[in-house]
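The values are calculated or read from the model by the stated rules, or taken from the named source; none is laboratory data. In this text the structure is predicted, and so the values were computed from the model without any measurement. Every residue, glycine as well, gets a Cβ built from its backbone with ideal geometry; the counts of neighbours run over all protein chains shown.
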């Protein structure tokens, strides 16, 4: 793969400017790795835990110990980690249906959730498809303030008016397909404490996708009742081939486990079918792999800002997830960016991505992902809905070196289109 002198010089300039930022990322990665390794040592991880079970999966020590390790790493009471969860949306659906009941209110306090949750909640879609709305769960939404912070006054009003019905306050940590900043763990903790001060029995649930191990603590360590995420994003470290997790209070995780399997059996069953080792290795790699993805995102922000595009977060802003967005302002530029990422990927580099009607989305979406694991967001990928202002969202990079190649490829493809 050959790059123009302009692209090579821009990447070199970026790395000089980002030297201190990269050092801080390495510091956080070291501390998070130490936390993971301490948990492995405390729970006496051994080769015997990597074995496989079938059928009901009773007495699967590797599965049960992994749950305990996950809870320690996330600073909470309990966790549930399973390969049988097919995506982040699936994990979130299990979590929502596990806690909410007919007549309850789900209050989203960070604006609209990610697009794929709209049908799950019942915001869009046909009646009778099995959404929360079909089961009598009411949904309410409070927007963030213009500066991207929580509107505590509006949240407080809703909690006072509907204290007995608001069963869940839902927080999406990452921006999703919205042009807003990602929420920090401290901000989420402040909201969790505020909610509990007014409605102690309300569950504070966090969509933690893309945020794991970016900071030195997770939302469950600062008051959230439940964090939910996917193993083919940050916490799988590029090793887990599928799966999802729940971490939080014993009560919240128990309710979720009953939805995952059945009331009464919960987390006691579930064959691991040879996936334990991948999930253990994924958690071990996760802090380091997340750091590689962060460095890739910072590099991209610097390069595309210098090319004249609006990047969010900006190259010199602190971030709380691995998602980087660039407002292209043009559907052709958006598609060119994705083509460049695809061409700079280790798998399917010869493929040309095109926009299509992807299930779960209301607009055509273009997706670029040359990944070893299909759909893995911790591997370098880029996507975006074909709608103004034609923002591309990208994340991942198993290694900084490969992520750098992908970003340089995207930059060169865009530059060639601009000529």
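Comparison of 97, 22, 40, 50 shows that the only residue that is more than 26 Å from residue 257 (Cα to Cα) and either assigned by TED's automatic domain parsing to the domain that holds residue 307 or touching a residue at least 60 places away in the same chain (Cβ under 8 Å) (or both) is 22.
The range 2-101 holds helices (runs of 4 or more DSSP H) entirely within its bounds, and those carrying 3 or more residues that are surrounded by fewer than 19 Cβ atoms within 10 Å (Cβ to Cβ) map to 5-17, 19-42, 61-73. Residues that are more than 15 Å from the chain's Cα centre (by Cα) and surrounded by fewer than 24 Cβ atoms within 10 Å (Cβ to Cβ) do occur in the range 234-242, at least one of them. On the stretch given as the range 120-152, residues that are touching a residue at least 24 places away in the same chain (Cβ under 8 Å) and not in a helix (DSSP H, G or I) total 15. With respect to the conditions (1) over 27 Å from residue 319 (Cα atoms); (2) out of contact with any helix residue (DSSP H, G or I) (no Cβ under 7 Å at 6 or more places or on another chain), residue 49 lacks only one, and its number is (2). Regarding residue 309, is this residue more than 24 Å from residue 365 (Cβ to Cβ) and assigned by TED's automatic domain parsing to the domain that holds residue 26? It is false that residue 309 is more than 24 Å from residue 365 (Cβ to Cβ) and assigned by TED's automatic domain parsing to the domain that holds residue 26. For the range 264-284, a residue qualifies if it is over 23 Å from residue 38 (Cα atoms), touching a helix residue (DSSP H, G or I) at 6+ places or on another chain (Cβ under 6 Å) and touching a residue at least 40 places away in the same chain (Cβ under 8 Å), and the qualifying residues are 267, 272.
Output the residue which, of all residues in the range 162-183 that are modelled with pLDDT of 95 or more and more than 20 Å from residue 88 (Cα to Cα), is farthest from the chain's Cα centre (by Cα). Ranking the qualifying residues of the range 162-183, first place goes to 165.
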